[in-house]
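This report refers to the structure that appears directly beneath it.
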Amino acid sequence: MTTNWTEKNLPDLTGKVIIITGANSGTGFAATKFMSAKGATIVMACRNPEKANQALQNIKNENPDARLDFIQIDLASLASIKQFSKEFKKRYASLDILINNAGMSQTPDIKTEDGFEMQMGVNHLGHFALTGLLMDRLVNSKDSRVVTMSSMNHMQGVMNLNNLFLEGEYHQMKAYEQSKLANLLFSYELSRRLAQAGVSVESIAAHPGFVKSNIMKTNEYTKRSFGFTLMFNIFDLLLAMTPSMGSLGIMRAATDRTLKNGEYVGPTKMGGFRGFPELMNSSEGSYNEKDAEKLWEISEELTGVKYVI
């Protein structure tokens, strides 16, 4: 019988520097709270300064000793990602864990500042660029890790490598599913490149399960129909886990030393909707090495970021 992995399994993180994108709400906020309670310095990489500072203050009110820092980042802007990277390197000489957690879901067909389809731009390309720009810090920190958040929705994902932004055939959900599949292709390809380079950095992927969060609800770009909102609220009520429970996958991927480079963890009960994080397999398509290599090439070309490994 396996024991369930919970926040109680977190090791002492004193002296560790951790970046969490989207740290001001949902699973990112829960992970920030739990990991800072274990002594880590958490750099909250968030887009909205007001929300980030409020979230930071909320944690400080509960735990005055929490070591928290906020550096603004907009993953829909390569200029902002580069600025974040510069600012982080000014403040920190090491990076133990990078958690690529922030995400956009089911936006209309809108573009990022650099002309990328919004979901692929934020969920994959933004994190691809960020990880690449911080790779020197990760390589210079012993046994560091990159954690990339995917979703059970990757199972329906199809990579359209000839038309990554689905120009002329855009569909909100298909774009989301493709971006989440891209997260896994990236995580696995990164793990292979790290192993080949012989560095001690590991790449591990995770998914949160079905969590009470705002990602699927109305956002600044998307207004939901009454029917969708009603149906979603019923699902939310019956199935959704708390953000604290949803953050366990991220935290296990970040800190459990029994996990190996290139693995994937998340809830497995009820089709992956609920449960404690366990080691699992992702879809067949996510292990396609040719797709992963091609996506890597496209990502380098689009972002202009080349990895130092």
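The values are calculated or read from the model by the stated rules, or taken from the named source; none is laboratory data. These numbers come from a predicted model, not from an experiment. Glycine gets a Cβ as well: all are built from the backbone with ideal geometry, and neighbour counts include every protein chain shown. Just the protein is used for accessible areas: all its heavy atoms, side chains included, with ligands, DNA and RNA removed. Shrake-Rupley method; radii C 1.70, N 1.55, O 1.52, S 1.80 Å.
In the chain, if the dipole is taken from +1 on Lys/Arg beta carbons and -1 on Asp/Glu beta carbons about the Cα centre, which of 42, 175, 112 is farthest to the positive end?
Final value for the positive-end residue is 42.
Please list, in order along segment 269-277, the HN-Hα scalar couplings obtained from phi with the Karplus expression 6.51 cos²θ - 1.76 cosθ + 1.60 (θ = phi - 60°), rounded to whole Hz, x for Gly and Pro.
6, 6, x, x, 5, 9, x, 8, x
In whole angstrom, note down how far apart the Cα centers of segment 109-148 and segment 259-305 are.
One Cα centre to the other: 14 Å.
Please report the base-10 log of the normalised intensity I(q)/I(0) for the chain, using a Debye sum with one equal scatterer per alpha carbon and no solvent, at each q in 0.10, 0.11, 0.13 (1/Å).
Debye intensities relative to I(0), on a log10 scale: -0.49, -0.61, -0.88.
Debye calculation, C-alpha points only, no solvent: report log10 I(q)/I(0) for segment 141-184 at q = 0.17, 0.22, 0.26, 0.33 Å⁻¹, in the same order as the q values.
With no solvent term, the Cα-only Debye profile gives -0.50, -0.69, -0.86, -1.17.
Please report the relative contact order for the chain, taking Cα pairs under 8 Å with a sequence separation of at least 6, and give it as a percent rounded to a whole number.
19
Using the heavy atoms of the protein chains alone and a 1.4 angstrom probe, what is the accessible area of segment 1-151 per residue in square angstrom?
Using a 1.4 Å probe on heavy atoms only, each residue of segment 1-151 averages 39 Å².
Shape call for segment 243-309 from the C-alpha gyration tensor, a ≥ b ≥ c root eigenvalues: rounded (a/c under 1.5), prolate (a/b greater than b/c) or oblate?
prolate
Using amide H atoms built in the peptide plane, which far-off residues or other-chain residues are under 5 Å from residue 278 H to H?
Counting only residues 5 or more places away or on other chains, the set is 266, 268.
Determine which aspartates and glutamates satisfy two conditions relative to residue 51: a Cα distance under 19 Å, and not lying fewer than 8 residues away in the same chain.
Here the aspartates and glutamates satisfying the reach criterion relative to residue 51 are 62, 69, 74, 220.
Let's see if you can work this out: charge +1 on each Lys and Arg Cβ, -1 on each Asp and Glu Cβ, no other charges. What is the dipole magnitude of the chain about its Cα centre, in debye to the nearest 20?
Roughly 800 debye, rounded to the nearest 20.
Please list, in order along segment 117-129, the HN-Hα scalar couplings obtained from phi with the Karplus expression 6.51 cos²θ - 1.76 cosθ + 1.60 (θ = phi - 60°), rounded to whole Hz, x for Gly and Pro.
With coefficients 6.51, -1.76 and 1.60, one gets 4, 3, 6, 5, x, 7, 5, 10, 4, x, 6, 4, 5 Hz.
Where does segment 1-117 land on Rg(C-alpha)/(2.2 N^0.38 Å)?
This ratio for segment 1-117 stands at 1.14.
With springs only between Cα atoms under 10 Å, which of 45, 102, 197 fluctuates most in a Gaussian network model of the chain?
Greatest mean-square fluctuation among the candidates belongs to 197.
I need the phi-derived Karplus couplings for segment 201-207: 6.51 cos²θ - 1.76 cosθ + 1.60, θ = phi - 60°, integer Hz, Gly and Pro marked x.
The phi angles translate into 7, 10, 10, 10, 9, 8, 9 Hz.
If amide hydrogens are placed 1.01 Å from N in the peptide plane, which non-local residues have theirs closer than 5 Å to the one on residue 67?
42
Give me the compactness ratio for segment 81-211, meaning the Cα radius of gyration over 2.2 N^0.38 Å.
1.09
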